[in-house]
Amino acid sequence: MSRPSNPSDGASLLRAWLGFALLLVAHFAIGPLLSGPVTPDFLLIAVLFASVRVRPGVAAVIGFASGLLLDALAPMHFGAAAVVCTALAFAASWLKAAFFSENVFVTGLFVFAGKWLFDLALAGVSGRFQTPGLLAHLLIWSPLAALLAGVLAVVLLTMFRSLYRPATR
Amino acid sequence: MSRTARSDGRLDNGIALVCVVLSLFGLIMPRSSRDRVAASLRTTVFAPVAALQSRAAAVRAAVDTRPETLRASGQVAARLLVVQGVADENATLRQLLGLSARLESGFVPADVVPSGAFDENFTLTLNAGSRSGVQRFFPVVTGAGLVGMIEQVDVARSHAITWAHPDFRVSAMSEDGTAFGIVQPHLGRGAERWLLELRGVRFRAKLDTGAVIVSSGLGATYPRGIVIGTVMAELSTPEKWARTYLVKPSVLPSAIGPVLVLLLPGTPRDLNGVWTTIASTDSAARAVAASGDSIARAAAFDELAARRAALDSVGIDSLRLDSLLRLMPGFPRRDSMPRDTVRRDTVRRDSVLRTSRVPGDER
């Protein structure tokens with residue numbers, strides 16, 4: 001999602017933005033239709049997918065904007081999601097060289113870890129440690145949601161290769 | 001090269017730091033300020049996403065409440081049926097009230113006692129008996145027309161046969177008095193079982209579809225002028241010298257609710273106009289109400305006036321005809337006949353045919 005240096009980079013960038021927009025729409029159009037403690041987090045997948053394609057600074061901005069969006073729509077702990085998303089996107093962008101080789105399952109594992117970390121960090125930043133059932137949520141439902149996010153990431157990378165895989169240099 | 005990489009790294013770190021600081025600032029802001037910022041974000045840059053989420057939530061709510069909505073709509077439908085039943089009953093009662101005002105006296109109001117066996121034996125049980133003055137062979141009517149005739153009388157109850165009963169017969173005529181005959185059940189299958197036949201109409205008396213059939217007053221049971229039904233079509237029968245018409249009853253089985261039992265000694269023998277005037281006036285009034293412009297309104301009033309004039313002339317003509325017939329030598333004075341003589345209205349057709357014809361009513 002950085003400035004394209006040649007036409008193929010431009011097309012790749014366009015596809016990346018399209019993939020991000022599709023996941024964003026899916027998060028807010030499909031998410032509310034599903035119920036239960038384990039729901040797919042399309043937005044976090046989109047942030048992680050976008051972060052591995054851009055510089056850490058841009059990734060931080062993408063994470064900040066996405067977190068701000070979550071905070072605006074659920075403003076009980078305004079700023080918490082923004083902080084966590086910024087940090088996660090920045091870290092993902094730094095770590096992309098280590099994890100984001102062309103292995104789809106490693107990417108799925110990374111999304112799993114990212115989602116779980118996101119839930120843990122969000123609970124910490126928003127100060128919800130006194131919330132009843134938080135431990136069960138973080139130890140049972142959050143890993144399951146992270147697993148679902150990892151599986152979804154693998155499925156997306158497999159089915160929509162051109163949208164979500166970085167172009168091989 | 002390494003200097004560029006280092007400066008890029010510092011820039012990235014700086015951007016990330018700014019984002020984190022802004023986020024933390026949002027986190028520590030006063031609650032009112034946070035709410036204002038969140039609201040302004042929701043209504044500006046994030047408005048499309050907020051709308052999308054709201055729509056999805058609405059869909060979810062609709063899906064979740066679907067069973068309750070179905071249940072509620074079922075309850076509403078059931079209540080509507082009850083309301084419709086009450087409205088129908090009100091209409092029937094209003095019609096009966098109008099009929100009572102026209103009859104003035106000589107009737108007993110009665111309710112139908114539910115028996116659930118109407119379809120099987122075509123009889124009704126009424127909650128008025130001999131204590132109320134009800135006697136055998138008294139006609140039973142509603143605001144819409146003829147229902148039947150009292151067959152058995154107890155002290156507080158009575159049983160009536162309806163027009164659908166196989167033994168039901170009534171001497172009938174067209175509203176304008178041009179055609180006479182005997183009305184009896186059609187005895188067809190299925191829905192046709194709920195129709196009537198007007199038999200023995202003279203061949204020259206052709207009736208149009210929709211012609212109103214009323215009781216002729218011949219015989220001692222049914223006074224003249226009670227609406228029986230309307231002509232639906234002509235039936236082809238082996239009797240080439242007479243016509244038979246299929247008649248739609250004016251009182252449908254489902255509409256039989258409160259009824260009036262006409263007490264024959266107190267009821268005028270000629271009720272011509274009691275039912276037909278109500279029907280025609282109502283339809284003309286509806287036409288007036290429905291007319292949207294002055295021309296249509298004027299036409300509707302003209303129609304109303306014409307109908308009234310026609311009804312008056314029919315009444316006068318039939319009166320004259322009766323008077324003339326009674327003056328003729330040898331003409332049986334049917335009104336003065338004892339009630340226990342042969343009742344033309346309720347005997348079988350073959351026996352009716354054997355009885356003397358009415359002078360002037362050539363078939």
**Asked** When A:116, A:141, B:241 are ordered from fewest to most other Cβ atoms inside 10 Å of their Cβ, what list results?
**Response** B:241, A:141, A:116
**Message:** Using only the alpha-carbon atoms, what does the stretch A:7-164 span along each of its principal axes? Please give whole angstrom values in decreasing order.
**Reply:** 52, 31, 27
**Request:** Please identify the helices of chain A, taking whole runs of DSSP H, that span at least 18 Å along their own axis as judged from the Cα atoms and have a mean Kyte-Doolittle score of 0.0 or higher.
**Result:** A:7-29, A:56-73, A:80-99, A:104-125, A:142-159
**Prompt:** So who's got an amide H within less than 5 Å of the one on residue B:154, skipping anything under 5 residues away but keeping other chains? H placed 1.01 Å off N, in plane.
**Reply:** B:130, B:159
**Item:** Burial ordering of B:69, B:162, fewest other beta-carbon atoms within 10 Å first
**Value:** B:69, B:162
**Message:** Taking the number of other C-beta atoms within 10 Å as the exposure measure, put B:248, A:115, B:240 in order starting with the fewest.
**Reply:** B:240, B:248, A:115
**Asked** On average, how many beta carbons from a partner chain sit within 10 Å of the beta carbon of a residue in A:88-94?
**Response** 2
**Complete:** Over chain A, the sum of -39500 (n - 2.57) across DSSP H runs of at least four, divided by residue number and rounded to 500 deg cm²/dmol, gives at 222 nm -22500 deg cm²/dmol
**Message:** Charges on Cβ only, +1 for Lys and Arg, -1 for Asp and Glu, centred on the Cα centroid of the stretch A:7-164; of A:84, A:26, A:160, which one is farthest towards the dipole's positive end?
**Reply:** A:160
**For the stretch A:7-164: relative contact order, % (alpha-carbon pairs under 8 angstrom, 6 or more apart)** = 26 percent
**Prompt:** So how strong a dipole does chain A carry about its Cα centre when Lys and Arg Cβ are +1 and Asp and Glu Cβ are -1, to the nearest 20 debye?
**Reply:** 400 debye
**Fill in**
The answer for residue B:170, listing residues at least 5 apart or on another chain whose modeled amide H is closer than 5 Å to its amide H, is B:183
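Values in this text are rule-based calculations from the coordinates and carry no lab data. Remember, predicted model here, so these are calculated numbers, not experimental data. Heads up, the Cβs are rebuilt from the backbone with ideal geometry, glycines too, and the neighbour counts pull from every protein chain shown.
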